[in-house]
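Working notes for the structure below.
Read-outs throughout are calculated quantities, based only on the coordinates presented, and are distinct from any laboratory measurement. Owing to the predicted nature of the structure, the values given are computational and were not obtained by experimental measurement. Positions of Cβ are generated from backbone atoms using ideal geometry, with glycine treated the same way; all protein chains shown enter the neighbour counts.
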Amino acid sequence: MNAGDSLPVGQHDLEIQANREAWQRKPQLRAVYRGFHELIASRLDRSVPGLICELGSGMGSIKEVIPECVTTDLFPNPWLDRQENAYRLSFADGSVSNLILFDVWHHLRYPGTALAEFRRVLAPGGRVIVFDPAISWTGRVIYGLFHHEPIGMDLPLTWSAPAGFNAADADYFAAQGAATRIFWRREEPGRLAGWETLEVSPLPSFEYFATGGFSGPQVGGAGVFRFWRGLDRNLSRWPSLFAARLLVVLKRTQ
Ligand SMILES: C[S@@+](CC[C@H](N)C(=O)[O-])C[C@H]1O[C@@H](n2cnc3c(N)ncnc32)[C@H](O)[C@@H]1O
């Protein structure tokens, strides 16, 4: 796949089904994801009234850590709570307290259009929590070499959908660098007017790389993973060299 390419949206569901199979046979991947989900859970603001909701839930595994989370995706898979499209949500205005997007932001061809919809459904003070690839030097090498999706750091950012865009026409788009460019590098700072950026944390995650993700081989057994985790802690001082994951927390201002 090349930067900017458009594949049929059903490609997402093919990957979800394949990922479910990998999930069953990779305990270390499950453990690392549990840690990611715990990190996301720690950033929820439970004082805001409304639903905690995840968009693009895929396998829906976030429920193991946040059981009350409403899981959703483009596809009505039976293990999810609802079918939802980020560009046109079925939630009522102001009815959501926290919206979670785990590895979804980089699939949004029109992030500004989606953010406007998030603003509509969020209660005042509600949060958008984005967890996505971070493109440090290490991220660029590893995601670039071992992941099929383009990084797209030079792809022109298309913030909003063209007039007449229909959410049902959403395609399979991927640019792994999208969150890094918007939130970490702040390439277009004016785009986030109306949002308070509470946190942008680039995090090393050799522990995650060592799982091999959903499609690659795992590097090392359970004992070795303690080493990877320790390494991540030590390398966190040099995010531009080693970050692999970006945690972003936005707050909807009044
Ligand atoms: C890389 S997967 C991540 C799945 C899951 N969050 C995880 O981390 O395992 C991306 C997910 O985003 C979903 N997605 C892509 N575009 C979307 C949109 N416009 N609205 C809602 N979900 C979308 C896909 O269907 C897919 O399940």
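Laid out as a table, the results:
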| read-out | value |
| --- | --- |
| Size of electric dipole in the chain: Cβ of Lys, Arg +1 and of Asp, Glu -1, about Cα centre, debye, nearest 20 | 760 |
| Mean Cβ count within 10 Å, highest first, over the residues of peptides 156-165, 47-56 | 47-56, 156-165 |
| Estimated Rh, segment 133-240: Kirkwood, alpha-carbon pairs, angstrom | 16.2 |
| At R0 = 45 Å, FRET efficiency that the Cβ-Cβ distance of residue 238 and residue 23 yields, to 0.05 | 0.90 |
| Dipole magnitude (debye, nearest 20) for segment 1-75, charges at Cβ of Lys, Arg, Asp, Glu | 340 |
| Viscosity 1.002 mPa s, 20 °C: Kirkwood-radius Stokes-Einstein D of segment 200-254 over Cα pairs, µm²/s | 173 |
| Under-5 Å amide H pairs with residue 198, H placed in peptide plane, nonlocal only | 249, 250, 251 |
| Per-selection metrics, segment 1-120 (Cα): Rg and Dmax in Å | 14.6, 42 |
| Length added when fully stretched, residue 38-residue 88, from 0.36 nm per residue minus Cα-Cα | 15.2 nm |
| Loop GluC sites (Glu not before Pro), segment 154-254, which have at most 14 other Cβ atoms in a 10 Å radius of their Cβ (DSSP) | 187 |
| Rounded D (µm²/s) - segment 63-127, Kirkwood Rh over Cα pairs, Stokes-Einstein at 25 °C, 0.890 mPa s | 196 |
| In segment 1-89, the chymotrypsin sites (Phe, Trp or Tyr not before Pro) that fall in loop regions by DSSP, at most 16 other Cβ within 10 Å | 79 |
| Protection proxy ranking of 112-118, 144-150 - average other beta-carbon atoms within 10 Å, highest first | 112-118, 144-150 |
| Degrees, to the nearest 10: 222-235 long Cα axis against longest axis of the chain | 60 |
| Of the trypsin sites (Lys or Arg not before Pro) in segment 1-89, those whose Cβ has at most 16 other Cβ within 10 Å and which sit in DSSP loop | 46 |
| Karplus-derived HN-Hα couplings along segment 64-74 (A = 6.51, B = -1.76, C = 1.60, θ = phi - 60°), whole Hz, x at Gly and Pro | 5, 10, 10, x, 7, 5, 7, 8, 9, 7, 5 |
| Convex hull projection area averaged over all views, the chain, Cα basis, nm² | 12.9 |
| Ellipticity estimate at 222 nm from DSSP helix runs (n ≥ 4, -39,500 (n - 2.57)) divided over the chain, nearest 500 | -9000 deg cm²/dmol |
